[in-house]
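Asks: Before anything else, here's the structure in question.
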Amino acid sequence: MTARTSTETARDIPEATVARLPVYLRALTTLLDEGTTTCSSEDLAGAAGVNSAKLRKDLSYLGSYGTRGVGYDVEYLHFQIAREIGVTHDWPVVIVGIGNLGHALANFSGFRSRGFRVVALLDADPSRHEEQVAGIDVRPFADLGEIVREHGVAIGVIATPAAAAQDVTDAMVASGITSILNFAPAVLAVPPGVDVRKVDLSIELQILAYHEQRKAQGDPADPSEPAEAPEEATA
């Protein structure tokens, strides 16, 4: 669900594989929490919701971390994937647009545990500048450039109405932000070198509605072809 991404990582890992690495990381985190020290590719694939052949191929791009007859060391593989996708250190993030969605994102506890730290909440509405969300003061959108320089921010989150999203994007790019997570229902234009991932809940619901309609018509999806997210689109 991206508007634009780089086609390959520096190690030539396919974009579809990159998109699955966080899923594997989440599955490994669950296994660690359960006290599991080693797991087979079949166990990990089942926990991640993919087939084992695809998982083994994906992990082969990172190196050889499994032992035949033993499986994977869960803690070590967790570290290697976390390092590969860059969540072994702290990433400062700004959120722009502090409506209902912005509030929910600011209060999301999963950011901190996954290597992201919200350093600023910004909104263009002066009436919001007296607010504090999740212990963070809401600041004027005009402060974006200063905040990016102060905290070294590379990742911005857009939770504004669609009409404002492109202007926010342009300001983020001008300030030096090079990765954007977009929740606004809008297609964003960005220059080369800026990555955008789009989260559109309405589209996801429409996809589910399509499958429900097929089931209601007695035409279920082929069970031999498990449903997967569509390949990433490039603008």
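Asks: Mean projection of the alpha-carbon convex hull of segment 132-189 over all orientations, in nm²?
Replies: Working: hull surface 16.6 nm².
Convex hull of Cα atoms, orientation-averaged projection: 4.2 nm².
Asks: Also, quick follow-up: Where in the chain is the longest stretch that carries no trypsin sites (Lys or Arg not before Pro) classed as loop by DSSP and with at most 16 other Cβ atoms within 10 Å?
Replies: Here the longest run is 115-235.
Asks: Taking every eigenvalue of the Cα gyration tensor of segment 91-201, multiplying by 5 and rooting it, what semi-axes result, largest first, whole Å? Don't jump to the answer; show the numbers that get you there.
Replies: Details: eigenvalues 69, 47, 43 Å².
Output for segment 91-201: semi-axes of 19, 15, 15 Å.
Asks: Using label points projected 7 Å from each Cα along Cα→Cβ, tell me how many nm separate Ala174 and Asp137, to one decimal.
Replies: About 2.4 nm separates the two model spin labels.
Asks: In addition: Summing +1 for each Lys or Arg and -1 for each Asp or Glu, what net charge is found among the other residues whose Cβ lies under 12 Å from the Cβ of His129?
Replies: Result for the neighbourhood of His129: -4.
Asks: Over segment 2-84, what is the relative contact order in percent, taking alpha-carbon pairs closer than 8 angstrom and at least six residues apart? All intermediate terms of the calculation are to be shown ahead of the outcome.
Replies: Numbers: 66 pairs, mean separation 26.8, N = 83.
The value is 32 percent.
Asks: If you consider only alpha-carbon coordinates, what radius of gyration and Dmax does segment 37-139 have, in Å?
Replies: 19.5, 62
Asks: To continue, here is another question. I want to check the label-to-label distance for Val70 and Gln217. Put each point 7 Å from Cα in the C-beta direction and report it in nm to one decimal.
Replies: With each label placed 7 Å out from Cα toward Cβ, I get 5.3 nm.
Asks: So in the chain, what percent of DSSP beta bridges are antiparallel if you round to the nearest 5? Let's see the in-between values first.
Replies: On the way: 9 of 30 bridges.
DSSP beta bridges in the chain are roughly 30 percent antiparallel.
Asks: Could you give the length gained by full extension between Asn51 and Val187, i.e. 0.36 nm per residue of separation minus their alpha carbon distance, to one decimal place?
Replies: Going from the current span to full extension adds 45.7 nm.
Asks: Pairs of alpha-carbon atoms within less than 8 angstrom and 6+ residues apart define the contacts here; what relative contact order does segment 61-196 have, in percent?
Replies: Values: 213 pairs, mean separation 27.3, N = 136.
Once divided by the residue count of segment 61-196, the mean separation gives 20 percent.
Asks: While we're here: Measure nothing but the geometry: give the 0 to 90° angle between the long axis through the Cα atoms of 201-216 and the longest principal axis through the Cα atoms of the chain, rounded to 10°.
Replies: The angle comes out at about 40 degrees.
Asks: Let me ask something additional. Throw me the Rg/Rh for the chain, computed over C-alpha atoms with Kirkwood Rh, two decimals.
Replies: Details: Rg = 19.9 Å, Rh = 19.8 Å.
Radius of gyration over Kirkwood radius for the chain works out to 1.00.
Asks: Using DSSP to call loops (not H, G, I, E or B), can you name the GluC sites (Glu not before Pro) in segment 8-51 whose Cβ has at most 13 other Cβ atoms within 10 angstrom?
Replies: Numbers: sites: Glu8, Glu15, Glu34, Glu42; in loops: Glu34.
Listed in order of number, the matching sites are Glu34.
Asks: Viscosity 0.890 mPa s, temperature 25 °C: give me the Stokes-Einstein translational D for segment 154-213 in µm²/s, with Rh taken as the Kirkwood radius over C-alpha pairs.
Replies: On the way: Rh = 12.2 Å.
It diffuses with D of about 200 µm²/s by this estimate.
FYI, it's all coordinate maths here, none of it is from the lab. If you're wondering where the values come from, they're calculated on a predicted model, not measured in any experiment. When we count neighbours, we look across all protein chains shown, and the Cβ atoms used for this are built from the backbone with ideal geometry, even at glycine.
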